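Shown next, in structure tokens, is the structure this report addresses.
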Amino acid sequence: MVSSGESSPLAAALSETKLFPVVETCWPEAARAVGQLQPAAVLACGDTAAAFAALAPQIADIKPYVPLIVINPEASLPANALPCALVDGNFERLNGRLRAALRVRSLHATVLRRLGDDLPMQIRLQEADPVQDATVLLIGRGAAYPALSVVLGERIGVVGALSIEAAAKHLSVRDLDGIVLADGFSPRVVDAFLTVLAEDVRFRNFPVVVAIAGGTPNYNLPNLELVSGDPARVASNALPLIRQHAFEARLSRTLKSIDAGGLLDPRTGLLTQAAFNRDFATTVYQTQQRGGGLSVARFSFGQKHERAQLDGARIVGRLMRQMDFGAVQDDGSIVVVFAETDLRNAHVIARRLCSVMKHTVHAKCEQRIEPDATVATLLPTDSANSFLARLTEESRRAAS
């Protein structure tokens, strides 16, 4: 723990819990202490902007991940610094925040241990900032909603919801990395929403930033943060928590790819193109030998919407049936194979997927994306290559 004074009551309180060994240091000695002790986490108290500028990058370079938690921050935070506002000395919230962050550290250590030199290059852990692939659910209908949408949309993908009911639908179909709850709702509605999140194990460790004055942190949500002030301050406090969750999601996808022997793309969760081509050729051959239906759908979003392509791929991977499989193609389109499915039923499935993507895939600044879908079914004379070529040609004719 880094603090300005000689002895911090917070350090004493953490030591009394006997959950974590706590070593306290002062700001001038912080960098040397981190280098010597190799801590599992760093807690910081007090505003020392110059010291933060040197300490935060040092911690960010350590592997596995070392969480940096800032207690009651007053200034803008470094990219890897997690805010933690303590109300009335409630140290239990800090314990929960620390446990959640240390789980991400353990997951990172597991991925680093299992990444071997014999694994395909496509499942190497990405080094890019996780926030580039992050998506946040912004809920609100008050005056702050448009400004928050713009500020957040400049950095990450934003899915907007004007009601709690719409937000619940997004939570059920999207892979999200955080929730920002803006104004426009009564305290009773906010309380009910946060209670439901806390009771659902899927969202218990979700970053939830409540930008409404007068809220309370008394929920079993370790990454709940109450932030009042202008939209820039809300975004500044939300982004580090969202970044950590996006990093955790990246680690989870990488582990799944490792478990699958490199057959899954860790960025989308769908098959790699090489694995798709191999499985598709086998499926076409077996269908022609044994009989039955086989249909393929191609979803495209336009060349300029790379983020929409990524979102669409993750939505398809989440919603498609277990018997189906798909992959992102070189041109950015998504091809999904519907096993044992005739042309009529394939159109129904494709329309449903398009409907979900239309209402949940967004570009920056809430721009709505209209996915184009083309469906084809296997003919007796088709090979795997001719089947895909016919699907691509039909898609081009539909677009022209």
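Each reported figure results from applying straightforward, stated rules to the coordinates on display, with no laboratory input. A quick note: this is a predicted structure, and the numbers were derived from the prediction, not measured. Backbone-built Cβ (ideal geometry, glycine too); neighbour counts: all protein chains shown.
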| query | Relative contact order, percent, of the range 123-259 when contacts are C-alpha pairs under 8 Å separated by at least 6 residues? | reply | 28
| task | For the chain, find the longest principal axis of its Cα atoms and tell me its angle to the long axis of helix 144-153, 0 to 90°, nearest 10. | result | 70
| message | Using only the alpha-carbon atoms, how far is helix 231-259 inclined from the longest principal axis of the chain? Give it as 0 to 90 degrees, nearest 10. | response | 50
| request: May I ask you to sort ARG233, ARG321, ARG250 by Cβ crowding, counting other Cβ atoms within 10 Å and putting the fewest first? | output: ARG321, ARG233, ARG250
| task | Within 10 Å of each residue's Cβ, count the other Cβ atoms and sort LEU270, LEU10 from fewest upward. | result | LEU10, LEU270
| task | Averaging over all projection directions, find the projected area of the Cα convex hull of the range 268-399 and quote it in nm² with one decimal place. | result | 7.4
| task | Compute the relative contact order of the range 302-363 as a whole-number percentage, counting only Cα pairs closer than 8 Å that sit 6 or more residues apart in sequence. | result | 38
| remark: Placing +1 on each Lys and Arg Cβ and -1 on each Asp and Glu Cβ in the chain, then taking the dipole about the Cα centre, the residue among ALA128, ALA238, PRO78 whose Cα reaches farthest towards the positive end is ALA128
| said: Tell me the Rg and the Dmax, in Å, that the Cα atoms of the chain produce. | reply: 23.8, 81
| query | Can you give the calculated 222 nm mean residue ellipticity of the chain, where each DSSP H run of n ≥ 4 adds -39,500 (n - 2.57) and the sum is split over every residue, rounded to the nearest 500 deg cm²/dmol? | reply | -15000 deg cm²/dmol
| query | With labels modelled as points extended 7 Å from the Cα through the Cβ direction, what inter-label distance (nm, one decimal) is found for VAL348 paired with ASP175? | reply | 2.8
| Largest to smallest principal axis extent of the C-alpha atoms in the range 100-181, angstrom | 52, 23, 23
| Mean separation of Cα contacts under 8 Å, 6 or more apart, over the residue count of the range 182-253: relative contact order % | 25
| remark: The computed P(r) of the range 163-276 puts the percent of Cα pairs beyond 26 Å at 29
| query | Quick one: helix 49-60 against the long Cα principal axis of the chain, what's the angle to the nearest 10°, folded into 0 to 90? | reply | 50
